[in-house]
Amino acid sequence: MALKHIKLTIAVVWLFAIAIFAILSGVSSPSGWVLLAATAVLPPLAMMRYWHDPDQTMSERIHQAIE
């Protein structure tokens, strides 16, 4: 599976987990909703921004040049 799809899957699962937690915990205060929204959105955004494909190895570069 491509890294892009893995990151997207992890982000969606994270959002569903936080949504289920919100429903089960009964968040009702505005500050609770802000904290919940930050917890739901910030980790997936950071992951999508900073998790990149690893650099090509020397053998991958040689193989790409041969083709």
- Query: Does His63 qualify as being surrounded by 11 or more Cβ atoms within 10 Å (Cβ to Cβ) and at pLDDT below 95?
  - Reply: yes
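Return the residues of segment 38-67 that are of a type in the set (Gly, Ala, Ser) and closer than 30 Å to Ala17 by Cα; say none if nothing qualifies. Give the steps one after another, and end with the answer.
Restricting attention to segment 38-67, the residues satisfying the condition of being of a type in the set (Gly, Ala, Ser) are 38, 40, 46, 59, 65.
Listed by number, the residues that qualify are Ala38, Ala40, Ala46.
Kindly provide the set of residues from segment 25-60 that are over 27 Å from Ile6 (Cβ atoms) and assigned to a helix (DSSP H, G or I), ordered by number. Outline the logic, then answer.
Pass one, segment 25-60, residues over 27 Å from Ile6 (Cβ atoms): 25-35.
Passing the criteria: Ser25, Pro30, Ser31, Gly32, Trp33, Val34, Leu35.
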- Selection count where residues are out of contact with any helix residue (DSSP H, G or I) (no Cβ under 9 Å at 6 or more places or on another chain) and surrounded by 12 or more Cβ atoms within 10 Å (Cβ to Cβ), scope segment 7-36: 1
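The values are calculated or read from the model by the stated rules, or taken from the named source; none is laboratory data. Because the structure is predicted, anything quoted here is derived from the model rather than measured. Counting neighbours? That spans all protein chains shown, and the Cβs are built from the backbone with ideal geometry, glycine included.
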